[in-house]
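The values are calculated or read from the model by the stated rules, or taken from the named source; none is laboratory data. These numbers were taken from a predicted model, which means no experiment stands behind them. Methodologically, a virtual Cβ is constructed for each residue, glycine included, from the backbone with ideal geometry; neighbour enumeration extends over all protein chains shown.
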Amino acid sequence: MYITKEFSSIAEIKNIREQKSRLSEREAELVSPILTNLESIPYIYELFKNIVRTMNIPSREKIIQRKEFLFIILFLFVPSVLAGGRIPNGVRKSLEHVFPKVKPCTISNNIADVFFLYQQYKYFRSDINIIYKEMLKRLEEGDTLDELKRLTFK
């Protein structure tokens with residue numbers, strides 16, 4: 001009986017490997033970016049500011065709005081960063097162009113806490129959900145067709 005129990009571990013190893021494979025495939029799907037053209041980040045920021053101005057979104061401090069924008073950009077371009085992954089080359093640099101008065105280390109620190117804010121603060125989550133939904137709506141409507149052509153969607 002002891003030997004049989006040891007050999008049953010082989011089936012368990014096989015099962016574990018199959019589960020890991022399925023999880024890896026699912027993770028690859030989830031971390032796949034919606035947008036890939038980093039040059040579109042300044043345009044998306046203008047769209048973000050326009051939505052904040054024209055929608056019924058409560059006025060927030062600039063820092064909070066920057067963090068809301070960072071969350072949306074990370075979700076669109078590198079969702080794995082929101083789950084603790086490493087930020088790829090070029091993303092932080094593109095964000096530095098959008099926020100020229102903000103130090104790179106500040107951007108990195110903001111990136112580190114945006115998912116926490118999304119999980120913990122209803123107002124933050126609500127703002128992001130409203131802005132993101134409106135952003136997708138405007139992009140799909142093609143109101144900004146010329147700019148949209150420059151975006152690279154997956």
Counting only residues in region 40-64 that are in contact (Cβ under 8 Å) with a residue 60 or more places away in the chain and under 20 Å from Q120 (Cβ atoms), the one nearest to the chain's Cα centre (by Cα) is identified as I64
Among the residues of region 29-51 satisfying the criterion of being over 13 Å from L76 (Cα atoms) and either exposed (fewer than 10 other Cβ atoms within 10 Å of the Cβ) or among the polar types (S, T, N, Q) (or both), which is modelled with the lowest pLDDT?
E29
For region 32-82, which positions are part of a loop (DSSP other than H, G, I, E, B) and out of contact with any Leu (no Cβ under 6 Å at 6 or more places or on another chain)?
S32, P33, T36, M55, N56, I57, P58, S59, R60, E61, V78
So which pairs qualify, if the first residue must be in region 65-84 and touching a residue at least 40 places away in the same chain (Cβ under 8 Å) and under 21 Å from E25 (Cβ atoms), the second must be aliphatic (A, V, I, L, M) and assigned to a helix (DSSP H, G or I), the Cβ gap must be under 7 Å, and the two must be at least 6 apart or on different chains?
F75/L82; V78/V91; P79/L30; P79/V31; S80/V31
Could you say which residue among R22, R66, R26, R17 is out of contact with any strand residue (DSSP E or B) (no Cβ under 7 Å at 6 or more places or on another chain) and under 19 Å from Y132 (Cβ atoms)?
R66
